[in-house]
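Nothing in this text is a laboratory measurement; each read-out follows from the coordinates by a stated rule. Bear in mind the structure is a predicted one, so any value in this text is a computation, not a measurement. Using ideal geometry, Cβ is built from the backbone for each residue, glycine included, and neighbour counts are taken over all protein chains shown.
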Amino acid sequence: MTRIQTLELLLVVDKTDEGYVALVRQSPAGQGQTRFVNPLAPRDLAGFWAALSQLPRGGHPTPELAARIRAAGQQLFDAVFRGEVLGCLRASFDIARMEQAILRIQLDCSTVPELETL
């Protein structure tokens, strides 16, 4: 049986005076970084968490809440994965595809608890 190779991309998010920095510390395509601000306003996050707290454990969100979750995820992705970080992600996917490998993405937000829960 053939074992599938796994490649790693480690993305670390840290706080800066102006917002945050996303650092690709390790990837098949090298390193990169980008600065960003949290695209989700505190008021929007409060409403988001309030809506999620109303879900029964293991329950499914309403279509409206599911759309809000997708939109929030897209906003976060667009803020973090741009510039050099997006370039590393795309190139890493290309390398993984060429090597018929899996790309494992590890996100470390341990120094920014306000983002870690997202």
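GNM on the chain, C-alpha springs below 10 Å: top fluctuator among 40, 76, 86? Judging by the Gaussian network model, the answer is 40.
Using a cut-off of 14 Å between beta-carbons, work out the net charge of the residues near residue 20 (Lys and Arg +1, Asp and Glu -1, residue 20 not included). Don't skip to the answer; put the middle values down first.
On the way: positive: 15, 35, 82; negative: 14, 17, 18, 78, 108, 114, 116.
In short, -4.
Share of Cα-Cα pairs in region 1-62 beyond 15 Å, in percent? The calculated P(r) of region 1-62 puts 70 percent of pairs beyond 15 Å.
For the chain, the equivalent ellipsoid derived from the Cα gyration tensor has semi-axes of 29, 20, 12 Å, listed largest first.
Taking the helices alone, the chain has a mean residue ellipticity at 222 nm of -13500 deg cm²/dmol, built from -39,500 (n - 2.57) per DSSP H run of at least 4 residues and averaged over all its residues. In a simple Cβ point-charge model (Lys, Arg +1; Asp, Glu -1; nothing else charged), the chain has a dipole of about 340 debye relative to its Cα centre.
Out of all DSSP beta bridges in the chain, what portion is antiparallel? Express it as a percent rounded to 5. Counting DSSP beta bridges with both partners in the chain, the antiparallel share is about 60 percent.
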